[in-house]
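Everything on this sheet refers to the single structure shown next.
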Amino acid sequence: MQVTWKLPGGEAVTETVDYGQSLMEAALAHDVSGVVGECGGCLACATCHVYVDPEWAAKCGTAGGFEDAMLDLAEVRRETSRLSCQIEAHPDLDGLVLEVPEA
Ligand code: FES
């Protein structure tokens, strides 16, 4: 499946992502700048924060309780903020667009 990350400078990166992979892991595999994934995906860092494009928000679902609490630690939280380690690539998300936060 294809995922596009929009970078803060206006550039966009589109990559092929395997089903079952988290979008944090996919970002690291493709060197997407600004997605760090410091805790390895165990919900302890919020360095995998992304903004889901509003058109894709419903398909990505909402943040669970602990993810929601961790997002409060993110620099600038928006309505469509998610931790990308908690979003798994699956066929319904083919074409997904994510925005990487500035901070
Ligand atoms: S990688 Fe640490 S919360 Fe997602």
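The values are calculated or read from the model by the stated rules, or taken from the named source; none is laboratory data. A quick note: this is a predicted structure, and the numbers were derived from the prediction, not measured. Counting neighbours? That spans all protein chains shown, and the Cβs are built from the backbone with ideal geometry, glycine included. Surface accessibility is based on the protein's heavy atoms, side chains included, excluding ligands, DNA and RNA. Shrake-Rupley method; radii C 1.70, N 1.55, O 1.52, S 1.80 Å.
From (1) within 14 Å of the ligand (Cβ to nearest atom); (2) surrounded by 13 or more Cβ atoms within 10 Å (Cβ to Cβ), pick out the condition that doesn't hold for residue 89.
The failed condition is (1).
Before we move on, is residue 20 farther than 22 Å from residue 8 by Cα, open to solvent by less than 70 Å² (accessible area, probe 1.4 Å), more than 10 Å from the ligand (Cβ to nearest atom) and touching a residue at least 60 places away in the same chain (Cβ under 8 Å)?
When the stated conditions are applied, residue 20 passes them.
Within the range 62-103, track down each residue that is touching a residue at least 24 places away in the same chain (Cβ under 8 Å), assigned to a loop (DSSP other than H, G, I, E, B) and more than 20 Å from residue 8 (Cα to Cα).
Within the range 62-103, 87, 89, 90, 94 qualify.
Criterion first (assigned to a loop (DSSP other than H, G, I, E, B) and touching a Leu at 6+ places or on another chain (Cβ under 8 Å)) does residue 3 satisfy it? Steps first, answer last, please.
On the way: assigned to a loop (DSSP other than H, G, I, E, B): no; touching a Leu at 6+ places or on another chain (Cβ under 8 Å): yes.
Spelling it out, it is not the case that residue 3 is assigned to a loop (DSSP other than H, G, I, E, B) and touching a Leu at 6+ places or on another chain (Cβ under 8 Å).
Determine if the range 59-78 includes at least one residue that is among the basic types (Lys, Arg), in contact with a strand residue (DSSP E or B) (Cβ under 8 Å, 6 or more places away or on another chain) and open to solvent by less than 70 Å² (accessible area, probe 1.4 Å).
Within the range 59-78 (the criterion being among the basic types (Lys, Arg), in contact with a strand residue (DSSP E or B) (Cβ under 8 Å, 6 or more places away or on another chain) and open to solvent by less than 70 Å² (accessible area, probe 1.4 Å)), the answer is no, since none of the residues qualifies.
Have a look at 38, 67, 15 and point out the one that is away from the ligand (no atom under 15 Å from the Cβ) and among the acidic types (Asp, Glu). Show your work before the answer.
Numbers: 38 fails: away from the ligand (no atom under 15 Å from the Cβ); 67 fails: away from the ligand (no atom under 15 Å from the Cβ).
Sole residue among the options that is away from the ligand (no atom under 15 Å from the Cβ) and among the acidic types (Asp, Glu): 15.
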